[in-house]
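Scroll down for the structure; my scribbles are underneath it.
The values are calculated or read from the model by the stated rules, or taken from the named source; none is laboratory data. Computed from a predicted structure; not experimentally measured. Cβ: placed from backbone, ideal geometry, glycine included. Neighbour counts: every protein chain shown. Areas reflect the complete protein model, heavy atoms only, side chains present, ligands, DNA and RNA absent. Shrake-Rupley method; radii C 1.70, N 1.55, O 1.52, S 1.80 Å.
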Amino acid sequence: MRKAVFHTSFLPLLSSSRMHQAPPITHRAVFIGFALSVVVAFWGQFAAMEQGYAYLTYPHLPACLLIPFFLLILVPNIAVAAIRPQRALTTTELLVIFSMGLVASTVPDWGVIRYLMVIISGPYYFITPENQWAAFQPYLPEWLLVHSQASPGYIEGLVEGVPIPWMPWIIPLFWWFSFYAALFWMGACVVVILRKQWVEHERLRFPLGEVAMRLIGVEREQQGAGIPVLFQSRMFHIGFSLAFLTMVWNVLSYWDVTPRIPITGDDVYQLRIAREFPAVPIYLNLLTLSLSYFVNVEVLFSVWFFELFSIMERGVLNQFGIGAATGAVIRGGLVSVQSVGGLVVFTLWGLWMARRHIREVIRQVLHRTNTLDDSGEFFSYRVALIGLLAGLIYTVFWLYQAGLAMHWVLLLLLFTFIFYLALARIVAEAGLATIDLPINAHEFTVGIAGSGNLSISDLTVMALGSGFARNWRAFTMVAPAQVAWMGARHGLTGRQLFRWIALAFLLSLMVSTTYAILAGYSYGAQNLRDNYPTTIIGFYNLIPIWTNNARQITFTEIEFFLLGGGLVMALTFARYALTWWPLHPIGFAVTASQSIILPFFTFFMAWLIQTLILRIGGHQLYRRGQPFFLGILVGYVMGLTLSYGVDLVWFPGTPHLIERYY
């Protein structure tokens with residue numbers, strides 16, 4: 001058995017002795033949490049659609065949450081704590097507010113709305129004889145789409161004085177919202193079932209949760225007021241100053257006053273080894289760098305090592321002319337197929353490791369025993385199992401009524417939850433804040449089944465899967481898992497938290513969608529900055545591509561898929577058998593993710609910094625360095641706020657690309 005000390009930087013931020021029973025959630029915390037959710041939902045969507053700041057909503061700890069949380073809540077609360085400590089928000093209240101904002105941030109733009117608005121508003125408008133969309137028009141479920149009379153005004157914009165037609169949106173939005181709510185509920189049920197396994201048995205670190213709790217101020221007395229220790233740290237001040245002044249310098253470069261320091265989204269240098277080999281991206285992102293300091297050094301090494309390995313493998317395969325015959329199952333060729341095979345096996349192995357715990361949960365529900373304490377979960381295990389079944393029945397019924405055959409419904413939902421669970425597990429264990437879905441479940445399902453084996457009705461509904469199967473924030477599990485961990489660490493029961501984060505999710509859905517509709521009818525969706533025409537054509541063009549080419553996974557792809565799964569199993573067994581083994585299977589499983597490929601150099605730098613710190617000063621120096629990197633995080637976010645304000649005032653038509661993740 002692998003020793004418990006194998007993680008060189010896997011240091012729990014809080015000891016179990018710090019866990020306590022937190023007081024009940026206050027009304028002011030809930031009210032402020034809802035207010036933050038509205039701001040996050042509105043501003044995240046506004047910044048993406050009208051200002052071109054889509055990347056504010058991309059990471060799993062996004063700037064669309066951090067900026068309003070810092071400016072509107074944390075900084076004012078520090079000021080209040082310095083003047084009248086008894087009036088300041090407590091750490092419990094801050095945790096509730098942050099948790100509601102975190103869940104709300106999974107909705108705007110990249111989370112849900114970018115895909116939802118494209119799917120429901122445009123298929124009738126863009127039909128032409130050339131694109132062959134008329135062939136699948138009879139199979140479009142009308143109850144899920146805005147009818148053709150309301151689409152032109154949204155896509156082109158209304159003439160001034162013409163009222164917005166809200167009624168055609170009500171029915172499709174109701175059904176889509178109900179489907180999202182069911183997915184969110186099912187994700188929460190899975191989190192309830194697996195949280196104890198992840199936290200108490202496997203001891204996953206939840207690095208993003210650690211960062212959030214440090215920013216909230218867990219070092220001060222649990223319910224005492226006062227300025228958090230973090231913000232009094234000299235190392236925090238140094239990190240903040242370096243990052244913020246760097247951002248200020250780059251903002252001055254907008255007027256050509258200063259040369260730009262190469263940390264923006266435009267500063268990606270492609271290092272090419274040879275003609276047949278993909279370029280190695282050299283790009284430094286301060287947000288990723290600061291968050292990566294809290295990632296296990298073993299994971300960081302594995303991420304950059306396997307990314308470099310995959311680049312070499314692609315080059316060798318290109319030299320020998322070995323490639324996938326279809327290229328349709330997984331974008332990125334055979335190497336990506338191999339990585340996704342590893343991702344699937346990694347997820348299934350995690351479920352196998354949890355089999356005893358899951359068996360105990362089922363036994364407790366069926367036989368009404370009390371062997372497991374579920375008082376700290378979002379809800380009881382009984383509610384989780386029954387709720388998971390109820391959610392499954394509803395989503396199956398929803399997809400079946402949309403026109404998808406029952407066996408394909410079950411296969412699509414299976415792959416969707418495998419990939420969502422994989423993302424939640426990776427973020428929980430590794431804290432890779434930029435990880436996205438390396439493959440979309442609906443496209444993967446079509447590739448595995450073979451498009452020639454699906455009817456045109458099936459393929460039409462599969463294309464509608466872009467509305468939920470490609471949500472890169474994986475709203476169903478990633479954020480709820482982080483909230484459950486933070487709440488348990490702080491002594492909040494899940495039952496106290498869940499009702500409020502669920503309402504925050506629904507509120508964010510309504511606010512972001514309402515704004516997107518208003519913006520579309522006001523300016524024309526095709527004129528906004530979220531690439532509406534390109535996105536909708538890409539989504540619905542899948543249907544004629546699938547229909548005309550009868551695509552299916554090839555034998556070569558199956559071989560690489562199984563090879564990837566086998567390599568992950570070998571890496572897993574090596575970690576348990578060899579205490580010195582340096583490679584983590586997560587590093588191999590995420591190589592197909594585009595948002596891991598681009599920050600390759602950033603992960604390398606984070607690994608190098610951590611390694612040097614641990615070699616020079618050990619765990620003590622590593623912990624002393626944490627405030628410095630948290631300072632970099634806060635300084636970068638404040639600098640991003642400055643850049644956004646400058647663009648809004650002086651460069652509204654040409655926003656600067658401050659960050660990039662893929």
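Things to note:
- Members of the stretch 590-624 that are over 22 Å from the mean Cα position of the chain (by Cα) and open to solvent by less than 10 Å² (accessible area, probe 1.4 Å): Q610, Y622
- Each residue in the stretch 504-554 was checked for being among the hydroxyl-bearing types (S, T, Y) and within 23 Å of V461 (Cα to Cα), and 6 pass.
- The one condition from (1) surrounded by fewer than 18 Cβ atoms within 10 Å (Cβ to Cβ); (2) under 22 Å from V483 (Cα atoms); (3) at pLDDT 95 or above that V396 does not meet is (2).
- Taking the criterion of being crowded, with 20+ Cβ neighbours inside 10 Å and of a type in the set (S, T, Y), the only residue of the stretch 166-203 that qualifies is Y180.
- For the stretch 428-458, residues that are part of a loop (DSSP other than H, G, I, E, B), under 16 Å from H407 (Cβ atoms) and open to solvent by 10 Å² or more (accessible area, probe 1.4 Å) total 2.
- Matching residues in the stretch 264-286 - criterion: being crowded, with 22+ Cβ neighbours inside 10 Å and either out of contact with any Pro (no Cβ under 7 Å at 6 or more places or on another chain) or among the β-branched types (V, I, T) (or both): L286
- The stretch 276-313 - residue that is touching an Asp or Glu at 6+ places or on another chain (Cβ under 9 Å) and among the aromatic types (F, W, Y) and, of those, nearest to L630 (Cα to Cα): F294
- Helices (runs of 4 or more DSSP H) completely within the stretch 161-269 that count 1 or more residues being among the polar types (S, T, N, Q) and touching a helix residue (DSSP H, G or I) at 6+ places or on another chain (Cβ under 8 Å): 167-196, 234-252
- Test: residue in the stretch 316-331 that is modelled with pLDDT of 95 or more, within 24 Å of the chain's Cα centre (by Cα) and not hydroxyl-bearing (S, T, Y): no
- Any hit, the stretch 483-505, residues being aromatic (F, W, Y) and under 30 Å from L542 (Cβ atoms): yes
Listed here are the residues, each with its yes/no results for (1) at negative phi; (2) in a loop (DSSP other than H, G, I, E, B); (3) more than 26 Å from the chain's Cα centre (by Cα).
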| residue | (1), (2), (3) |
| --- | --- |
| L334 | yes, no, no |
| W352 | yes, no, no |
| V365 | yes, no, yes |
| L372 | yes, yes, yes |
| R382 | yes, no, yes |
| I386 | yes, no, yes |
| L404 | yes, yes, yes |
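Conditions tested, residue by residue: (1) touching a residue at least 40 places away in the same chain (Cβ under 8 Å); (2) over 28 Å from L432 (Cβ atoms); (3) in contact with a strand residue (DSSP E or B) (Cβ under 9 Å, 6 or more places away or on another chain); (4) of a type in the set (S, T, N, Q).
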{"residue": "Y58", "(1), (2), (3), (4)": "yes, no, no, no"}
{"residue": "P76", "(1), (2), (3), (4)": "no, yes, no, no"}
{"residue": "E93", "(1), (2), (3), (4)": "yes, yes, no, no"}
{"residue": "S99", "(1), (2), (3), (4)": "yes, no, no, yes"}
{"residue": "S105", "(1), (2), (3), (4)": "yes, no, no, yes"}
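- From G635, G617, G639, G631, residue being more than 18 Å from E307 (Cα to Cα) and free of Cβ contacts under 8 Å to residues at least 60 places away in the same chain: G617
- Residue selected from the stretch 46-70 under the condition of a type in the set (G, A, S) and more than 13 Å from the chain's Cα centre (by Cα), by the criterion surrounded by the most Cβ atoms within 10 Å (Cβ to Cβ): A48
- Exactly one residue out of R359, R355 is free of Cβ contacts under 8 Å to residues at least 12 places away in the same chain, over 29 Å from V590 (Cβ atoms) and open to solvent by 60 Å² or more (accessible area, probe 1.4 Å): that is R359.
- Residue within the stretch 459-480 that is part of a helix (DSSP H, G or I), in contact (Cβ under 8 Å) with a residue 60 or more places away in the chain and open to solvent by 10 Å² or more (accessible area, probe 1.4 Å) present: no
- Hits in the stretch 216-246 - residues which are modelled with pLDDT of 80 or more, of a type in the set (G, A, S) and surrounded by 15 or more Cβ atoms within 10 Å (Cβ to Cβ): G217, S233, G239, A243
- Which numbered condition E160 misses (of (1) free of Cβ contacts under 8 Å to residues at least 60 places away in the same chain; (2) open to solvent by less than 20 Å² (accessible area, probe 1.4 Å); (3) of a type in the set (D, E, K, R)): (2)
- Against the test of being surrounded by fewer than 17 Cβ atoms within 10 Å (Cβ to Cβ) and of a type outside the set (S, T, N, Q), the options L563, L497 yield a single qualifying residue, L563.
- Looking only at residues of the stretch 431-477 that are under 25 Å from C189 (Cβ atoms) and among the β-branched types (V, I, T), we find that the one that is farthest from the chain's Cα centre (by Cα) is V461.
- The residues on offer are G631, G587, G635, and the sole one that is at pLDDT 95 or above, touching a His at 6+ places or on another chain (Cβ under 9 Å), surrounded by 19 or more Cβ atoms within 10 Å (Cβ to Cβ) and not hydrophobic (A, V, I, L, M, F, W, C) is G631.
- Which numbered condition V251 misses (of (1) surrounded by fewer than 15 Cβ atoms within 10 Å (Cβ to Cβ); (2) farther than 26 Å from T92 by Cβ; (3) aliphatic (A, V, I, L, M)): (1)
- Every residue from the stretch 529-552 that is open to solvent by 30 Å² or more (accessible area, probe 1.4 Å) and either on the phi < 0 side of the Ramachandran plot or touching a strand residue (DSSP E or B) at 6+ places or on another chain (Cβ under 7 Å) (or both): R529, P533, T534, I537, G538, N541, I545, T547, N548, N549, R551, Q552
- Neighbours by Cβ (under 6 Å, 6+ apart or cross-chain): first from the stretch 185-214, of a type in the set (S, T, N, Q); second outside any helix (DSSP H, G or I) and surrounded by fewer than 22 Cβ atoms within 10 Å (Cβ to Cβ): Q197/A354
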